[in-house]
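Right, one structure below, let's go through it.
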Amino acid sequence: VGLYSNLAPKLVENFLKIIREGGYVGTKFHLIVNGEYIRGGDPNSVKGERETWGKGGPGYNLDKEASGLWHFAGMISAAPDPLDPTKTSGGQFIITSAAVHSLDETYSPFGRVLEGLDAIREIERLPLEEKSFAQPKDPASLISAELL
C-alpha cells in the first residue's frame, strides 16, 4: 500500500503506529460489501465474540482529516466514529474495490492499494454468515503487516 502522509498526516501516523505495534496482526476483515469494500482493523475480531466485531479499537478516536481524496478502487480509509461524525475510528479501516463515492463524505481516505487489489475482490466474495448482510462466514485475517 501507499500512504498519503502529505494529505492525511495524522491518519497515516496512526496507521503506521498500529502496524509498528503489531496491532493489526490477526485481525479479521469482519465486514464485506461485495463490489464496494472490506472492513478490518478491529482487535475484537482476533479473540472476541462475533457480536463485538466492528465495535473495538485501540481505545481512542481521531479527528476526521479532510484529505481531499475520493473513494476509487483500492482506497484505504479510516472508518467513521458512529457516535461523532467529526471523528474517525482509532484503528478500523476499509479498502474499496471500486469507485464508491457515497463514502466520500463519511470515511476519511489516507492511502491506497498499490498491488493486490485482486485479493480484496476475492475477500469480498466470501460467503456471508447466515442471517447477516455483510459479515463473512469464514473471514480472511491479516496475517502480517510490516513497513518496507
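The values are calculated or read from the model by the stated rules, or taken from the named source; none is laboratory data. Everything numeric here is computed off the predicted structure, so don't read it as measured data. Note: ideal-geometry Cβ built from the backbone for every residue, glycine included; neighbour counts use all protein chains shown. To get the accessible areas, we keep the full protein, side chains included, count just its heavy atoms, and leave off ligands, DNA and RNA. Shrake-Rupley method; radii C 1.70, N 1.55, O 1.52, S 1.80 Å.
Summary of computed values
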| item | result |
| --- | --- |
| Residues of segment 55-71 satisfying the condition of being open to solvent by less than 70 Å² (accessible area, probe 1.4 Å), among the small types (G, A, S) and closer than 16 Å to E105 by Cα | S67, G68 |
| Index of the failed condition, V113 passing every other in (1) over 17 Å from I38 (Cβ atoms); (2) surrounded by fewer than 20 Cβ atoms within 10 Å (Cβ to Cβ) | (1) |
| Residues of segment 1-21 that turn out to be free of Cβ contacts under 8 Å to residues at least 60 places away in the same chain and out of contact with any helix residue (DSSP H, G or I) (no Cβ under 7 Å at 6 or more places or on another chain), as a count | 6 |
| Number of the condition not met by A78 [criteria: (1) hydrophobic (A, V, I, L, M, F, W, C); (2) within 15 Å of the chain's Cα centre (by Cα); (3) under 22 Å from E122 (Cβ atoms)] | (3) |
| Which numbered condition E105 misses (of (1) of a type outside the set (K, R); (2) modelled with pLDDT of 95 or more; (3) surrounded by fewer than 20 Cβ atoms within 10 Å (Cβ to Cβ)) | (2) |
| Cβ-Cβ under 7 Å pairs, at least 6 apart or on other chains, segment 49-64 side under 20 Å from G22 (Cα atoms), far side open to solvent by 70 Å² or more (accessible area, probe 1.4 Å) and part of a helix (DSSP H, G or I) | L62/K10 |
| Top-ranked residue in segment 79-93 [being charged (D, E, K, R) and in a loop (DSSP other than H, G, I, E, B); ranked as surrounded by the most Cβ atoms within 10 Å (Cβ to Cβ)] | D81 |
| Yes/no for I120 being of a type in the set (V, I, T) and assigned to a strand (DSSP E or B) | no |
| Within segment 94-112, tally of residues that are part of a strand (DSSP E or B) and within 22 Å of P43 (Cβ to Cβ) | 5 |
| Which listed residue, of T52, T96, is crowded, with 20+ Cβ neighbours inside 10 Å and of a type in the set (S, T, N, Q) | T96 |
| Qualifying positions in segment 40-78 - outside any loop (DSSP other than H, G, I, E, B) and more than 14 Å from V100 (Cα to Cα) | G40, N44, S45, V46, K47, R50, E51, T52, N61, L62, D63, A78 |
| Members of segment 123-139 that are assigned to a strand (DSSP E or B) and open to solvent by 30 Å² or more (accessible area, probe 1.4 Å) | L128 |
| Candidate set: segment 1-49, residues that are charged (D, E, K, R) and over 28 Å from E129 (Cα atoms); chosen: the one surrounded by the most Cβ atoms within 10 Å (Cβ to Cβ) | K10 |
